[in-house]
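Novice: There's a structure below that I have some questions on.
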Ligand SMILES: Cc1cc2nc3c(=O)[nH]c(=O)nc-3n(C[C@H](O)[C@H](O)[C@H](O)COP(=O)(O)OP(=O)(O)OC[C@H]3O[C@@H](n4cnc5c(N)ncnc54)[C@H](O)[C@@H]3O)c2cc1C
Ligand SMILES: NC(=O)c1ccc[n+]([C@@H]2O[C@H](COP(=O)([O-])OP(=O)(O)OC[C@H]3O[C@@H](n4cnc5c(N)ncnc54)[C@H](OP(=O)(O)O)[C@@H]3O)[C@@H](O)[C@H]2O)c1
C-alpha cells in the first residue's frame, strides 16, 4: 500500500495516513516496531559503574550502593584509587598543622556520626583515621582496587560504554563501564609555583600536599610561599619549632574568624572533654542536635547581607587584635589593605598565623620573588635570603580538567571544552560526556557548609540516573548544550551577588583575579538540594538501546503482578482505605 503525504500529514482524500500504531494493529512493522520484551515494566538491567577515587566522595557512593539504597542487585561497582589507601585529601595532605576548619562534627559521613572527635576542628591524621575506620566498619573497600591509576577514559557511542584504561604498577589493564563517576577530587592535582630556578634549590623542597614526613624540619631556616589555607596552617604550626621562618606572599588575605566561632570557646579551637564525648555517645539525639547546629554557612558570602557585613567587621577586628605584636608598619598596613571582602578567596581562619609574626624568628614579606637560587630565594628587592627548606604552599591545579586522558562523544575533550573556563551542569554533568558524573565539579557548593552533605545529595542524584538508565532501557544520557549554556548564564549572573566575584586572585576563579567564577555554586546549599531533586529529563538527550523508547514497558505487567499470582491490590495499603475517613 502506498501513501502520499501532504503538508498537514493527511493523504490526498478524506482518510488520514495510518499512524505507525495503526500499521502495527494492521499487522505491519513500521520502523519503530519492536516485539514486547518478555519482562515486567521497569525491570532493571545490570549496570557497571566505574568510580575514580576513594576519598569521601567515592566512599559515600560505595556506602549508598551497598547499604543505604541497596542497589547491588543491579549495580556492579568498581573503584580505582591511585593511592594505597582510602582517604584522598586526608591521606595525601600531611603537612604540619593540617586540620579541617569547619566543625569536625559537621565534617563527618552523614551515616557515621563520630562522638569521639578530639577537637572542634579535628587534626588531619584523626580525620584520615576516621575515614579508614568507617571504611573497615562498612566494608567500603570491597570494590576498590588500590595503587591503580586511571590513565584514559574513552566513550564509545556504539556500545554506550566508557572504555577505561588503568595503570597498576606499570601493568596496563582495561575495563568497561556503563556509567563513569569522577570522584577524583577538586584539590588533588598539586600545583608547583612557576618560579625561575625552583629545581635548582639545593636544600629541601616541599609542597604542602605531598609532604615528606621523614624529613626533620625543626630548627631549620624555612621559607613558606603562599598564604592560602595550607600556608596559613603550616606557618602557624612550624613557627614555634624553627630557627627562622619567612612567609612570602603576593597579596593580603583575610585571616578570618573561625567557622561557627560562636559555638567554640573564646572563638578558637578547643579539645572535647571525655565527659562531652561520653555524652555524645550515650545521647544520640543530643549529638544529632549538636551536629545540626554546627552545619550551616552561606550568607556570609552574600554581598551586603547582614551576616556578610558582620563577618567583615569581625574579621577586621580580630586581625587588628592579633597583629598587635607585629611592629613592622608595612606588614600592618598591607595586611589590612584588602580591596575585596572576606570569602572572595576561600575563607582562611588561622589561629596562630598572625600571632606567629610577633615572634623574632618569623616574618612576612610582600617582596616579590624574582628567582629561587641554590641556597635560597632572591627577591626583586635585591638581596638573596638563605634557607634550608622551601615550602610551596601553592595549592592545586583547579582547572577541573581530569588528570587522565578523557575523550567523550565525537572526540570531545574537556581540555578543549574547558580551556577557557570550566562549565558544568549543576556541578555534576557536562555535555559531550554521556553517562558521566562528577563529584564537586565546576561551580560546586564547597564553600557553603559541610561538603559531605552535598556529596551525599550528589550521590543520590547520580544513583537516581543509574536507576533510570537501568530500568528504562537507556543507552546514554547527555545534557543538552543549550541547557548547559542557559544554566551557566544563570550561574554567572547570580554570582555577581556574592563576594566571590570581588576582585581578588583565587582558585575560585581558577587562579584569576576577576571574571568567571568557576569554583563555587550560585546559591545556597539548600538551593542546590532543591535543584538536584527536581532537575528533569527535558534537559537531556536520551538515547535508547532499541529503536523504540518504550521497550522497557515489557510484557504489560508490573513486577508486582507476578503474572496474576502477586498481591494485586497492594496499593490499597498505601492508600490506607481501611482507616475511617474524617
Ligand atoms: C588540606 C585540605 C584541607 C581541607 N579541609 C576541608 C575542610 O575543612 N572542610 C571541607 O569541607 N573541605 C575541606 N577540604 C576539601 C576536601 O578536598 C573535601 O572536603 C573532600 O575531602 C573531598 O573529597 P573527595 O573524595 O571528593 O576528593 P579527594 O579527597 O581529593 O579524593 C580523590 C581521590 O581520587 C584519587 N584519584 C585522583 N585521580 C585519580 C586517578 N587518575 N586514578 C585513580 N585515583 C585517582 C585520589 O588519589 C584521591 O584518593 C580540604 C582540602 C584540603 C586539600
Ligand atoms: N580546611 C582547611 O583548613 C584547609 C587547609 C588547606 C587547604 N584547604 C582547601 O584547599 C584549598 C587550597 O588551599 P591552598 O592553600 O593549598 O592553596 P591556595 O588557596 O590556592 O593558595 C595558594 C597560595 O600560593 C600562592 N602562590 C601560588 N603560586 C605562586 C607563585 N608562583 N609565587 C608566589 N606565590 C604563589 C598564592 O598566591 P596568590 O594568592 O597571590 O595567588 C596563594 O597564596 C583551600 O582554598 C581550601 O579549599 C582547606
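No value in this document is a laboratory result; all are computed from the given coordinates. Everything numeric here is computed off the predicted structure, so don't read it as measured data. Counting neighbours? That spans all protein chains shown, and the Cβs are built from the backbone with ideal geometry, glycine included.
Novice: Okay, which of region 432-470 sit inside 15 Å, backbone N to the point 7 Å along the Cα-Cβ direction of residue 409?
Specialist: 432-437
Novice: Then there's this: Between residue 277 and residue 243, what is the FRET efficiency for a Förster distance of 30 Å, r being their Cβ-Cβ separation, to the nearest 0.05? Before the final figure, lay out each step's value.
Specialist: Values: r = 38 Å, r/R0 = 1.27.
Efficiency for this residue pair is about 0.20.
Novice: Then there's this: Equivalent ellipsoid semi-axes for region 1-157, as square roots of 5 times the alpha carbon gyration tensor eigenvalues: give them largest first, rounded to whole Å. Each step should come with its number before you reach the end.
Specialist: Working: eigenvalues 632, 56, 55 Å².
For region 1-157, the ellipsoid semi-axes come out as 56, 17, 17 Å.
Novice: Could I ask something else about it? Just to be sure I understand the model, the point goes 7 Å from the Cα along the line to the Cβ. What's the resulting residue 302 to residue 205 distance in nm?
Specialist: Going from the residue 302 label point to the residue 205 one covers 4.6 nm.
Novice: Could you please rank 383, 214, placing first whichever residue has the fewest other Cβ atoms within 10 Å of its Cβ?
Specialist: Exposure proxy ranking, most exposed first: 214, 383.
Novice: Please report, in Å, the Rg and the Dmax of region 340-391, where both are computed over Cα atoms only.
Specialist: Every Cα atom of region 340-391 included, Rg and Dmax give 14.2, 38 Å.
Novice: Can I ask one more? Suppose a student asked you for the relative contact order of the chain, using Cα pairs under 8 Å spaced at least 6 residues apart; what percent would you report?
Specialist: Reported relative contact order: 19 percent.
Novice: Average projected area of the Cα convex hull of region 199-329, in nm²?
Specialist: 12.3
Novice: Further question on the same structure: How large is log10 I(q)/I(0) at q = 0.21, 0.24, 0.25, 0.31 Å⁻¹ when the Debye formula is applied to the Cα atoms of region 182-238, each weighted equally and without solvent?
Specialist: Calculated log10 I(q)/I(0) at the listed q: -1.02, -1.26, -1.33, -1.53.
Novice: Can I ask one more? With a 10 Å Cβ neighbour count serving as the proxy for reagent exposure, in which order, fewest first, do 57, 358 appear?
Specialist: Lowest to highest Cβ neighbour count: 358, 57.
Novice: Let me ask something else. Any idea how far apart residue 567 and residue 74 come out in nm if each label point goes 7 Å out from Cα toward Cβ?
Specialist: 2.1
Novice: So for region 37-143, averaging the separation of alpha carbon pairs under 8 Å that are six or more residues apart and normalising by length, what relative contact order in percent results?
Specialist: Values: 117 pairs, mean separation 29.6, N = 107.
The normalised contact order for region 37-143 reaches 28 percent.
Novice: Another question, then. Pull out the extension gain between residue 137 and residue 156, defined as 0.36 nm times the separation in residues minus the alpha carbon to alpha carbon distance; nm, one decimal.
Specialist: Gain on extension, residue 137 to residue 156, equals 3.1 nm.
Novice: Could I get the Rg over Rh figure for region 69-185? Both from C-alpha atoms, Rh via Kirkwood, rounded to two places.
Specialist: 1.04
Novice: Here's something else I'd like to know. For the chain, take the longest principal axis of its alpha carbons; what is the angle in degrees between that and the long axis of helix 525-534, to the nearest 10 within 0 to 90?
Specialist: 10
Novice: Suppose each label sits 7 Å from its Cα in the direction of the beta carbon; what would the residue 38-residue 321 distance come out to in nanometres?
Specialist: Here the answer is 7.7 nm between the modelled labels.
Novice: Using only the C-alpha atoms of region 492-565, find the volume of their convex hull and express it per residue in Å³.
Specialist: 165
Novice: With axes computed from alpha carbons, what is the tilt in degrees of helix 451-471 against the longest principal axis of the chain, rounded to the nearest 10 within 0 to 90?
Specialist: 20
Novice: For the chain, what is the calculated [θ] at 222 nm in deg cm²/dmol (nearest 500), taking -39500 (n - 2.57) for each run of four or more DSSP H residues and dividing by its residue count?
Specialist: Calculated from helices alone, the mean residue ellipticity at 222 nm is -7000 deg cm²/dmol.
Novice: Report, to the nearest 10°, how far helix 229-238 tilts away from the longest principal axis of the Cα atoms in the chain, using its own Cα long axis and a range of 0 to 90°.
Specialist: 40
Novice: Treat the count of other C-beta atoms within 10 Å as a stand-in for reagent exposure and order 56, 299 from fewest to most.
Specialist: Final ranking by Cβ density, sparse to dense: 299, 56.
Novice: Quick check: convex hull over the Cα atoms of region 373-517, volume per residue in Å³, rounded to an integer?
Specialist: Output value, Cα hull per residue: 175 Å³.
Novice: List the equivalent ellipsoid semi-axes of region 390-467 in whole Å, largest first, each obtained as the square root of 5λ for an eigenvalue λ of the Cα gyration tensor.
Specialist: One finds semi-axes of 22, 21, 10 Å for region 390-467.
Novice: Please report the orientation-averaged projected area of region 430-577, defined via the convex hull of its C-alpha atoms, in nm².
Specialist: Computing the convex hull of the Cα atoms and averaging its projections yields 12.4 nm².
Novice: Okay, moving on. Normalise the Cα radius of gyration of the chain by 2.2 N^0.38 Å (N = residues in it) and let me know the number.
Specialist: The value comes to 1.14.
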